[in-house]
Amino acid sequence: MSLKSLNSLAAGTCITIATTLGFSSFLSAIAAPDIRVYSEVPDLETRLNTTSNNLNRLPQSHLDVVDPIFIVDRLPGGRRTGGGYYSPAEVRSAWLGKEHRTGVSDEDIHDYVLSQPDTGLIAITKAAFENRIYQFTVFHEIAHSVDHHLGIVPAGSSVSDFAGVRYQHPRVGEYAAETYARFMLVPNRICRDGSIPANETQSICSQRLTNVLMNSPAFWNVPISFRNQG
């Protein structure tokens, strides 16, 4: 397989365009984290560049545990929208034998995920990666990877602790992941209009959620500057 360096992408991110689609293949110098594309996405280079640049916002300890990111037409279950995180224990049963849906061969699943110790998989659909808010989807799923490896949910916290986050799900981990994504991308606007508690401003609400996030194990040892992003 012929690989060509894509110099416009930030160093530290592996970008590979799947040759099964007949595309050129790009690989930067260092593969951490690994982003693999199995779908035709308009303006792909710009979107990958933005993703790579935003990954630089993560603390190194978080960047180290971002599992491989696969951009696919459909998820293994057939869904064409959104994304998903598959823990190391879930990858084998969810992804093997599903190339007809995902475009990802069993060989690639073995080579890039199953052969690596304690490695899960982040999947983003083509539709989500083309959407104008694609970075929030990507970083929400990245948050689940960080949560699996380091923990972004403070002990004893509940959905009510994340009041101000606009999300509909019964699991507190989903609220923590949404908080994490918005903290990394728009730290001063974690809380959104229409979801902010009546006794808080957007600024106060966002700072409260930052404090909640900072109480999670994943942030115990990161530089104090991460409490004051933005």
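Per-residue extension of 0.36 nm, minus the Cα-Cα distance of V222 and R171, leaves a gain of 15.8 nm for this segment. State the extension gain, in nm to one decimal, for the chain segment bounded by M214 and D106, taking 0.36 nm per residue of separation less the distance between their alpha-carbons. So the chain would gain 35.1 nm between M214 and D106. Under 17 Å from a label point set 7 Å out along the Cα-to-Cβ vector of D73, the amide N atoms of the stretch 108-126 belong to 124-126.
Could you give the length gained by full extension between E40 and N53, i.e. 0.36 nm per residue of separation minus their alpha carbon distance, to one decimal place? Before the final figure, lay out the partial values.
Values: separation 13, 0.36 × 13 = 4.68 nm, distance 2.12 nm.
Full extension of this stretch gives 2.6 nm more.
The numbers here are math on the coordinates, done by the rules we state, and not lab data. All figures in this text were calculated on a predicted structure; none of them were measured in a lab. Don't worry about glycine lacking a Cβ; one is built from the backbone with ideal geometry, like all the others, and counts go over all protein chains shown.
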